[in-house]
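Here the structure is laid out as structure tokens; the discussion comes afterwards.
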Amino acid sequence: MKKYKNYIALFYVLAVFFIIPIYNRGSYDNISVHKTDAFLFLCGIGLVSYVITSVIDDVKKRDEENVRKKRLSKTDISMLIFGGVILVSAVLSNSLKESIYGVPGFGMGALALGLMILSFFYVSRYFVYSKWIIHTIVASSAIPTILAIINRMGADPLKMQDGAGEAGHSLYVSTFGNYGWYCEYMSVIIPIAIYMLFTTKDMVERTLYGIYVGIIEFAMLMCGTAMIWVASAVAFLFVLKRKLKPDKKLITAKQVPLVIGGVVLLYVIFVLVAARNPNFANGRGYIWRLSFDLYGSLPFDEKLIGVGPNRFMYALNDYFAQRPDAAAEFQARFNDLALTSAHSEYLDYLICTGLLGLAAYLYMIYRVVERYIQVGVGKKDREIAFVAALSYMVYSLGNFSMVCATPMFFIFLGMVAKERR
């Protein structure tokens, strides 16, 4: 049965990378809703398959006297803590239904996050690394990338923009809701391509990856965001260190909390400074200031456990109802657009799952980084997973969780934390 569980893990990983980015129903309208539905459907297939194989496995083992129990690692426990806080935040929110599914079109509520957390455990236990899988994951981005270039050149071969309106034409690229979604997806692909380009010894592989990295960089020049360049730079520095000092640990496991604490402190200072400039980073300065004001207005219990997973928009609407002046300022700046997130995954967790949720998320990241430092340095499979996860974490400093990239992030976390089996 373990072999079949390996196949299920492989199916899930490849399906997430192939189906979610490409899947649509031939139009720009509700494209993110359709992708969320596709993700939930894939998780449903994987979950049902796992239950069936597990039941069969348990029946076969019921007569065995000793069945080895798998102990939870520190990384596993940190992920369970994060999942537990997500659940508590959803149950205690003002609307369980909204907290379970999240904002329509984003769907990053407790249901999706819970499934991603389950995928971490499944991948860490049953996914078997192979170089061909990594090649396939990178190759899966070729169609969206080529379409992004074609779209930015003014062509729309899939006729996706019909009826999308002016905003759709300016934001839309490829088979994604907008160029920001495409770039967040690419934040987990680009580091893998860069890593393979500089570490592979096979000349054919190096040539192909070199060509594709060039194509990716051209696509980023045409429709990339500032954060994708920052994330790519971090990935490049990681790979450069790997190339020059492959087995050298720059920090020890005991130093990880200090490093993460330092990064968090610097980011908080950066956000506070940026929030003083409303026009910073395409309006993120204003959004971050508004997010801090929103968090400050929450009662003490919601400061701790949040307003509910992916309920930023609903909490903001309640805040505007109490603050007409803030609502008028927002209307003057964004007209009739809805603000569905803080445009920072970390601020989103702070508001939606509270201080406890953000702390649990950072603690989970700490345990994953610690795990990598302990057992991953110099091991190609873990390094690939770690640089992809690191790039996502950097990109999400100025962006939000979404179904086109966040499930992949949890897959890579599972690959970093996996045990040798």
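The values are calculated or read from the model by the stated rules, or taken from the named source; none is laboratory data. None of these values were measured; they are calculated from a predicted model. Cβ: placed from backbone, ideal geometry, glycine included. Neighbour counts: every protein chain shown. Heads up: the accessible areas ignore ligands, DNA and RNA and are worked out on the full protein's heavy atoms, side chains in. Shrake-Rupley method; radii C 1.70, N 1.55, O 1.52, S 1.80 Å.
These residues, H34, H135, go from largest to smallest accessible area, 1.4 Å probe, as H135, H34. How would the range 255-299 be classified by its alpha-carbon gyration tensor: rounded, prolate or oblate, with rounded meaning a/c under 1.5 and the a/b versus b/c comparison settling the rest? Oblate. Using the Karplus relation 6.51 cos²θ - 1.76 cosθ + 1.60 with θ = phi - 60°, the per-residue 3J(HN,Hα) values for the range 368-377 come to 5, 4, 4, 4, 5, 4, 6, 10, x, 4 Hz, with x marking Gly and Pro. Report the net charge of residues surrounding I192, where surrounding means a beta-carbon distance below 12 angstrom and charges are Lys +1, Arg +1, Asp -1, Glu -1. Local charge sum for I192: 0.
Computed from backbone phi, the HN-Hα couplings of the range 176-190 come to 10, x, 7, 5, x, 5, 4, 5, 5, 4, 6, 5, 9, 9, 4 Hz, rounded to whole numbers (Karplus: 6.51 cos²θ - 1.76 cosθ + 1.60, θ = phi - 60°; Gly and Pro given as x). Per-residue 3J(HN,Hα) values for the range 292-302, derived from phi via the Karplus relation 6.51 cos²θ - 1.76 cosθ + 1.60 with θ = phi - 60°, read 5, 4, 4, 4, x, 7, 6, x, 4, 5, 6 Hz in sequence order (x marks Gly and Pro). Of all lysines in the structure, those lying under 22 Å Cα to Cα from K97, and not within fewer than 8 positions of it along the same chain, are K35, K303. Counting only DSSP H runs of at least 4 residues, each contributing -39500 (n - 2.57), and dividing by the residue count of the chain, the helix-based mean residue ellipticity at 222 nm comes to -23500 deg cm²/dmol. Candidates A342, Y363, P324 compared by Cα position along the dipole of the range 294-368: farthest toward the positive end lies Y363, with charges placed on Cβ.
Using the Cβ-Cβ distance between H135 and F218 with R0 = 22 Å, the FRET efficiency computed as 1/(1 + (r/R0)^6) comes to roughly 0.60.
Accessible surface for the chain, divided over its residues, is 46 Å² per residue with a 1.4 Å probe. Amide H contacts under 5 Å for V307: C352, T353, G354, restricted to partners 5 or more places along the chain or on a different chain, H placed in the peptide plane at 1.01 Å from N.
Could you tell me which of the pairs K380/K418; K2/K248; K2/K254; K249/K418 are separated by over 24 angstrom between their Cα atoms in the structure shown? Over 24 Å apart, Cα to Cα: K2/K248; K2/K254.
Within the accessible area of the chain, the carbon and sulfur atoms contribute 65%, probe 1.4 Å, all protein chains present.
The magnitude of the dipole of the chain, with charges of +1 and -1 set on the Cβ of Lys/Arg and Asp/Glu and taken from the Cα centre, is near 2000 debye.
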